[in-house]
1. Determine, yes or no, whether MET194 is of a type in the set (A, V, I, L, M), touching a strand residue (DSSP E or B) at 6+ places or on another chain (Cβ under 7 Å) and closer than 30 Å to ARG294 by Cβ.
2. Can you tell me which residue is modelled with the lowest pLDDT among those in region 118-142 that are surrounded by fewer than 18 Cβ atoms within 10 Å (Cβ to Cβ) and under 23 Å from the mean Cα position of the chain (by Cα)?
3. Among all residue pairs at least 6 apart or on different chains, which show Cβ distances below 8 Å where the first residue, located in region 85-96, is more than 26 Å from GLY369 (Cβ to Cβ) and the second is polar (S, T, N, Q)?
4. Can you go through GLU29, GLU46, GLU36 and tell me which one is acidic (Asp, Glu), touching a residue at least 60 places away in the same chain (Cβ under 8 Å) and part of a loop (DSSP other than H, G, I, E, B)?
5. Check off (1) in contact with an Asp or Glu (Cβ under 6 Å, 6 or more places away or on another chain); (2) under 27 Å from ASN87 (Cα atoms); (3) crowded, with 20+ Cβ neighbours inside 10 Å for CYS181 and give me the number that stays unchecked.
6. List every residue pair whose Cβ atoms sit under 8 Å apart, with the two residues 6 or more apart in sequence or on different chains, where the first one lies in region 183-198 and is polar (S, T, N, Q) and the second, anywhere, is surrounded by fewer than 24 Cβ atoms within 10 Å (Cβ to Cβ) and outside any loop (DSSP other than H, G, I, E, B).
7. Return yes or no: is ASP83 among the acidic types (Asp, Glu), under 20 Å from the mean Cα position of the chain (by Cα) and part of a loop (DSSP other than H, G, I, E, B)?
8. For region 317-375, what are the residues that are basic (Lys, Arg) and either in contact with a Lys or Arg (Cβ under 6 Å, 6 or more places away or on another chain) or surrounded by fewer than 20 Cβ atoms within 10 Å (Cβ to Cβ) (or both)?
Amino acid sequence: MKRLITPLILIAIAVVSTVGMAETSSSHEEFFKHYEGTGTCLVCHEDSATDFFHSQHYQWRGHTPAVVNADGRKLGKMNTINDFCTNPLPGFIKNVKNSRGETVSEGCSECHAGLGKMPSPELSREQLENIDCLICHSPTYERELHEDEDGSLEWKSIVWDNQEELDLVAKNITMPQRHNCLSCHSDSGGAPNMKRGDLEDELANTHRNFDVHMAADGANMTCIDCHGGSNHRIRGRGVDLMATDNPDEPLNCENCHGATPHAKELLNRHSARIHCTVCHIPTFAKDDATDMIRDWSTSSHNEKKDKYAPMLTLKKNVEPEIGWYNGTITAQLPGVPVTVGPDGAIQMVTPMGSKDDPKAKLYAFKVHGGKMPVLKKERWLLPINAEDFFGSSQIDLRVRQAAQIFYGMDDIEYEWLNIKRYMGIFHEVQPAKNAIRCLDCHGGNGRLDWAGLGYAADPLAAALAPSH
């Protein structure tokens, strides 16, 4: 059984001081006799649960100040389409079996900080009691998919029918640690580090040459040291995410390191236009390979697991692509004709900014490619019933099922098109001795595409060229 102490609740729950909870950790042995579900937590923490209910981690959507074409809409995983598992509506909670009768997928809710009900925008007691507080706050909690007598599915503790054991788990309460967050944020996309590229299981207990911030012999930081915000709203945002959970408490390297972190003025001048990650994350996916291309038009079959998957291209030690970013993006939204770039790929997420934009800096990116279905007439992006696909493939059927669920459309005609998604790389930060050097960017074999970044030539080469 997969361990699901999730990040999702998070980091956020973690950070806020709540009634009866110490700043770093606490045992709840004295606060209740028997754990009877989330209602037990709500006796003291209903205000905190209400805050969490409104957070992006529970709603899977939120306000979108960084998405320039969102037109003020609340967007997120629930109501957009991505190129990994596409959309949770067709398979939020399921028990998908393969031809041998073995469970191969349990739905997107496996990494939702709830007990199985779809999150609703409307606050209710039922929704509050659906919040799974233990998933981030009990280090000994594990859960499994449970089928009730009426055939409905819900997530329960693996010791749900042993009150003594359940009480021990529920009274062992701490703030979320690295492994809590990584259990979902690393394993999203189907396997460790598959999706993000810079969130590997190694971060749970690592050394400074892997990540100087999270290493025991480095700063020994946890996720909430950076991402903890207030009212269960986490700080920071992946470049390709739609919602910004906590726009009032932005997260930047400068929060800790200042705008001029270097002893050398030359490096500080670079910092004005180059984000720290460009130099301090020379490569990502150093331990676990990451998904660089996901082609949904072609399926593969793992005979040992008897499980299907899209055709994946995995890579390790990937050198980030460098591009301009001013903190905003454009996104390919559902129900809108697709935008195809010069390379023929749908622009799933594109960072905004240029050399001439004073708010833009150069950032490090994972650029994810793949193929997704698109309606021939409307030119709308389509999701896929990914969960059932994992059990028996039948990709055409899975596209049609998802089109009906997501758009209410039947008898569709579609084609497969290439996609491109820019994803920010912010973790696995290297100490100064491992940062890239001048000639890694400048010179004949430098890693930067100067023309693509808007320069006539390498600025250093131009500066050193003899004047006539």
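1. Details: of a type in the set (A, V, I, L, M): yes; touching a strand residue (DSSP E or B) at 6+ places or on another chain (Cβ under 7 Å): yes; closer than 30 Å to ARG294 by Cβ: yes.
Here the answer is yes, as MET194 does meet what is asked.
2. PRO139
3. Going by the 8 Å Cβ cut-off, the qualifying pairs are PHE92/SER109; ILE93/SER109; LYS94/SER105; ASN95/THR103; VAL96/THR103; VAL96/SER105.
4. On the way: GLU46 fails: part of a loop (DSSP other than H, G, I, E, B); GLU36 fails: touching a residue at least 60 places away in the same chain (Cβ under 8 Å).
Going through GLU29, GLU46, GLU36 in turn, the sole match is GLU29.
5. Answer for CYS181: the failing condition is (1).
6. SER186/ASP201; SER188/CYS111; ASN193/ASP201
7. Numbers: among the acidic types (Asp, Glu): yes; under 20 Å from the mean Cα position of the chain (by Cα): yes; part of a loop (DSSP other than H, G, I, E, B): yes.
Answer is yes for this residue.
8. Passing the criteria: LYS355, LYS359, LYS361.
The values are calculated or read from the model by the stated rules, or taken from the named source; none is laboratory data. It should be emphasised that the depicted structure is a prediction, and the values quoted were computed from it without experimental measurement. No Cβ is skipped: glycine too gets one built from the backbone with ideal geometry, and neighbour counts run over all protein chains shown.
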